[in-house]
Amino acid sequence: MSSFITNFKSGFNGGTRSNRFLVKGPIPYSEPHRNTFTNFHIRSTIMPDVNTTTLTYDYFGRKFHYPGEKQYSSWAFVVLDDTGSNNLWGSFARWQNKINEHTTNQTAVPITNAQTDYKAYNWEIVHLDLNGNTTSPNKTFVLHGCWPVQVGQLNLNMAKPNNMNTFQVTIMFDYLEIKGKANSLITRR
């Protein structure tokens with residue numbers, strides 16, 4: 001029995017932990033000219049799906065399946081709401097409104113290059129190692145071309161006096177890269 005435990009321990013390097021991660025990315029149009037948040041503001045997230053569609057071809061009574069195009073799901077995360085210069089709900093709402101203003105139904109962003117004006121902000125999800133090492137993380141997911149498609153609701157409830165407010169943000173992105181230790185590219189998805 002102990003040899004099985006020894007084999008398991010020698011073949012398993014401690015695993016990864018779901019609570020050891022950082023999210024980095026700019027939030028344009030935040031005030032007063034603050035375009036980032038500190039590491040503790042993102043409370044939880046789930047890595048977005050990347051799917052390959054299936055093309056089906058009928059041939060002599062058989063179906064043959066071929067890989068099609070990539071489809072990226074949206075990426076959602078939960079943010080711990082803050083006040084003052086860290087008013088993150090307001091910052092995300094301003095960013096979303098600049099993309100398409102409510103009253104004019106037009107963008108407030110000068111479209112000289114759509115990829116750099118409001119949409120091409122790259123965000124990183126850094127999956128830290130067992131000790132929380134930020135210099136050599138397990139892997140880093142780089143999401144290219146992020147912009148908010150939804151800024152979630154704030155729940156106000158007088159019956160819960162000792163709770164911190166959180167809200168969800170849903171981000172669309174163009175594609176993602178996965179980098180390993182030493183920032184080496186594992187794959188582009």
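Rule-based calculations on the coordinates, nothing more; no lab input. Please read these numbers as outputs of a predicted model, since none were measured by experiment. All Cβ positions, even for glycine, are placed from backbone atoms using ideal geometry, and neighbour counts span all protein chains on display.
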Worksheet item: Under 5 Å between amide H atoms, partner at least 5 residues away or on a different chain: which partners does residue 81 have, H built in plane at 1.01 Å?
Response: 165, 166, 167
Worksheet item: Leaving out same-chain residues fewer than 8 places away, which lysines sit with a Cα under 22 Å from that of residue 98?
Response: 24, 119
Discussion item. With 10 angstrom as the radius, rank 99, 46 by how many other C-beta atoms surround their C-beta, starting from the fewest.
Written reply: 46, 99
